[in-house]
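To start, the structure under review is shown below, and the notes come after it.
The values are calculated or read from the model by the stated rules, or taken from the named source; none is laboratory data. Remember, predicted model here, so these are calculated numbers, not experimental data. Every residue, glycine among them, receives a Cβ derived from its backbone with ideal geometry; neighbour counts consider all protein chains shown.
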Amino acid sequence: MDTLAKLQILSGAARYDASCASSGSRREGAPPGGTGNTSQSGICHSWSDDGRCISLLKLLLSNDCRYDCAYCVNRVSNQVPRASFTARDVVDLTLEFYRRNYIEGLFLSSAVMQSPDQTMERMVRVAETLRIEERFGGYIHMKIIPGCSSELVRRAGLYADRISVNIELPSQASLQRLAPQKEKAAILEPMALIGREIQESLVERKKIRSAPRFAPAGQSTQMIIGASPETDFQILRLSQGLYKKMNLKRVYYSAYVPVSDDNRLPVLAAPPLLREHRLYQADWLLRFYGFSAEEILSDDAPHLDESFDPKTAWALRHPEFFPVEINRADYATLLRVPGIGVTSAKRIVAARRFSLITPEGMKKIGVVMKRAKYFITCSGRPFEKTDRQPALIRQQLLLGEGSDLMSPRQLVLPGLYV
Ligand code: SF4
């Protein structure tokens with residue numbers, strides 16, 4: 001099989017890994033004569049540590065898997081064309097694409113070939129060859145194959161910018177049922193090791209500037225959503241634990257795409273993309289807004305509201321917290337207001353040092369007033385009646401601005417939307 005045929009198989013097989021930011025887009029291509037197609041495999045986009053968007057050659061080293069995970073297109077029992085690259089193939093492809101200015105780096109994952117160690121060894125060889133022999137300075141994101149040796153994990157971290165171990169499913173029970181050859185410990189141990197190595201490398205580099213950097217863009221993981229019965233609350237609590245204990249930079253949520261028939265899997269009309277989107281929003285609250293999973297969801301209400309983003313849903317459940325006075329509230333309180341993000345909260349705090357914020361000033365600062373106006377006062381003056389019931393605010397937010405039903409005369413049945 002020639003390299004192009006392999007490239008078609010192995011870039012296509014890598015599409016289901018969501019840890020690359022453009023993976024979820026479904027634009028099927030421009031009209032005849034147009035340019036561009038986000039559904040084509042091969043090159044994906046990601047974010048570097050300093051916030052730049054970078055294009056990556058996204059490949060599997062091999063799709064010839066000996067495992068049989070129920071949800072995976074590459075599982076051993078599926079009849080699909082198989083291919084494997086040598087380490088040199090991947091090095092050459094990366095350099096060729098880079099020299100033509102198609103990419104700025106490499107995203108490399110793999111199915112499990114003969115064993116986790118044999119597969120990981122070949123992947124590490126790609127990174128070592130690129131960095132040492134070819135003096136390649138571009139970005140490398142490398143997956144760790146669960147079950148490989150600690151030594152290989154350490155070597156991968158020395159050459160890759162970001163490394164990740166996919167947790168795949170949110171519980172041990174689901175892992176046993178859908179991916180029986182995978183073990184939770186084999187996933188969590190390398191994650192913990194990577195977290196420790198990243199920390200140690202940061203400490204070491206403070207003492208000795210030339211000390212080697214370990215995965216400088218951090219570690220991430222991916223979880224499949226909707227292939228197993230866990231609630232959003234279980235998923236968020238797991239992510240919260242991973243951020244706290246494993247020093248993770250990012251958890252990616254990947255809506256389950258039905259790609260194989262297996263009676264252990266749910267029958268879905270379409271991938272649960274809205275659920276995936278809400279989980280990303282809730283994850284953002286965990287990482288940047290000071291929320292805990294237990295504030296967002298509970299055992300009694302374990303699923304995210306489909307109608308509202310998680311911060312608005314929280315605000316509607318906590319009328320006692322509002323209204324928030326824009327000219328007095330501290331940064332953490334401002335962050336809890338729907339329509340105020342990290343940037344606008346920082347701008348409000350900075351601007352208040354010089355003068356009081358006015359309603360016009362809030363719009364300039366970037367506050368999304370159509371959401372925030374129900375939850376704030378500005379120098380004591382409300383934008384909307386502050387004694388409104390959450391049910392009414394909920395209805396108005398659902399209907400959006402400009403609707404006839406926004407009229408104050410609109411009949412509202414209390415509790416209708418609760
Ligand atoms: S290990 Fe499982 S998820 Fe990974 S490629 Fe093989 S079958 Fe797919």
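Quick look at the numbers
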item	result
Some residue of the stretch 325-333 being surrounded by fewer than 21 Cβ atoms within 10 Å (Cβ to Cβ) and in contact with a Ser or Thr (Cβ under 8 Å, 6 or more places away or on another chain)	yes
Those residues of the stretch 163-177 which are more than 14 Å from residue 123 (Cα to Cα) and under 22 Å from the mean Cα position of the chain (by Cα), in sequence order	166, 167, 168, 169, 170, 171, 172, 174, 175
Selection status of residue 95, away from the ligand (no atom under 16 Å from the Cβ) and in the same structural domain as residue 194 (by TED's automatic domain parsing)	yes
Filter pass, residue 336 being in a loop (DSSP other than H, G, I, E, B) and at pLDDT 95 or above	yes
In the stretch 297-315, the residues that are surrounded by fewer than 21 Cβ atoms within 10 Å (Cβ to Cβ) and among the aliphatic types (A, V, I, L, M)	301
Yes/no for residue 193 being farther than 19 Å from residue 254 by Cα and more than 22 Å from the chain's Cα centre (by Cα)	no
Residue in the stretch 103-117 that is more than 16 Å from the ligand (Cβ to nearest atom), over 25 Å from the mean Cα position of the chain (by Cα) and modelled with pLDDT of 95 or more present	no
Residues of the stretch 281-319 classified as within 22 Å of residue 346 (Cβ to Cβ) and not in a loop (DSSP other than H, G, I, E, B), total	14
Considering residues of the stretch 219-255 that are touching a residue at least 12 places away in the same chain (Cβ under 8 Å), in a helix (DSSP H, G or I) and not hydrophobic (A, V, I, L, M, F, W, C) only, the residue nearest to residue 189 (Cα to Cα)	245
Qualifying residues in the stretch 320-333 (those that are in a loop (DSSP other than H, G, I, E, B) and modelled with pLDDT of 95 or more) - the one nearest to the chain's Cα centre (by Cα)	330
Cross-chain or 6+ apart pairs with Cβ under 7 Å, the stretch 71-87 first and not assigned by TED's automatic domain parsing to the domain that holds residue 14, then within 11 Å of the ligand (Cβ to nearest atom) and at pLDDT 90 or above	none
Failed criterion for residue 39 (all others in (1) more than 16 Å from the ligand (Cβ to nearest atom); (2) at pLDDT 95 or above; (3) within 25 Å of the chain's Cα centre (by Cα) hold)	(2)
Considering residues of the stretch 143-191 that are farther than 16 Å from residue 243 by Cα and among the basic types (Lys, Arg) only, the residue nearest to the ligand (Cβ to nearest atom)	182
Lone unmet requirement of (1) modelled with pLDDT of 95 or more; (2) within 12 Å of the ligand (Cβ to nearest atom) for residue 194	(2)
